[in-house]
Amino acid sequence: VIAHPYIFDSKYSRIPFGTETRHFYIGVPYRREFLESALGAEFSMKTGYTEIARGVWFSGEVPRETAFEKPDSSLMVKREGRFVADPMLDDASMLVETDSGPVIVAGCAHAGIVNVMHHFRQKSGHDSFHAVIGGTHLGFAEEDGRLLKTMDAFEEMGLDLVAVSHCTGNEAAASCYNRFREKFAFANAGWRMNF
């Protein structure tokens, strides 16, 4: 398992519950030691941009450079007994070199999907990408123009395919479909694409 060292942090979601706010654990449900000893998992923790297989690149930490991609304020991490905003430095994506062109595979894109694209552009030297696949975390974006700016960035990157999933949210996915039409897909469970 190739991942950022913070994947085992105590991660929580802060959710309003009646008149109070509660914190619900959303982190990895198993300790690293258990996964290694009981299941034989082997972890390779990385923070930097790394080739993990021929033509497959792990993003490492993605710099937060766009002004409009704000962190999700409901995501917390427990540090020294206190809940603090989770910087989500363990958010990771992959760049896969394919015959059709470079493809970005995002998890949830907590760093911001535009930041992810810019990071891969800077690290790989690619000016454009064939596809972006995965979560974009746009389902949690405030009404601040982020969705429109993100779709503009998809066009700027010359994407032939925008394949969104889970945390993109239905409304943002519908907006992407209406804008990109034949270049759009729902990357739901079981979805397949050949490159």
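With a 1.4 Å probe rolled over the protein heavy atoms of all chains, the accessible area of E69, E182 falls in the order E182, E69, largest first. Straightening the chain between A189 and V84 buys 34.6 nm, computed as 0.36 nm per residue apart minus the Cα-Cα spacing. The mean sequence separation of alpha-carbon pairs under 8 Å and at least six residues apart, normalised by the residue count of segment 132-195, gives a relative contact order of 40 percent.
Peptides 95-107, 23-35: what's the order by average Cβ count within 10 Å, highest mean first?
Numbers: 95-107: 18.6, 23-35: 12.6.
Ranking, from highest mean packing down: 95-107, 23-35.
Solvent-accessible area of the chain (1.4 angstrom probe, protein heavy atoms only): carbon and sulfur portion equals 51 percent.
The packing ranking of peptides 52-58, 71-77, 186-192, 124-130, highest mean first, is 71-77, 124-130, 52-58, 186-192, where packing means the average number of other beta carbon atoms within 10 angstrom of each residue. With the simple model of a label 7 Å out from the Cα in the direction of the Cβ, S10 to S124 spans 3.8 nm. By the helix-only formula, in which each DSSP H run with n ≥ 4 contributes -39500 (n - 2.57) and the sum is divided by residues, the chain has a 222 nm mean residue ellipticity of -6500 deg cm²/dmol. Distance between the pseudo-spin-label points of Y177 and T21 (7 Å out from Cα toward the beta carbon): 3.4 nm. Solvent-accessible area per residue in the chain equals 56 Å², computed with a 1.4 angstrom probe and all protein chains kept.
Heavy-atom accessible area for L147, with the other protein chains in place and a 1.4 Å probe, reaches approximately 50 Å². Solvent exposure of V84, expressed as accessible area, is near 50 Å², computed with a probe of 1.4 Å over the protein chains only. Only Cα pairs under 8 Å and 6+ residues apart enter the sum, and on that basis the relative contact order of the chain stands at 16 percent. Ordered by solvent-accessible area of protein heavy atoms (1.4 Å probe), largest first, the residues L159, L89 come out as L89, L159.
The values are calculated or read from the model by the stated rules, or taken from the named source; none is laboratory data. Keep in mind the model is a prediction, meaning the values are calculated, not measured. Here Cβ is always computed from backbone atoms with ideal geometry, including for glycine, and neighbour counts include all displayed protein chains. Side chains included, ligands, DNA and RNA excluded: accessible areas come from the protein's heavy atoms. Shrake-Rupley method; radii C 1.70, N 1.55, O 1.52, S 1.80 Å.
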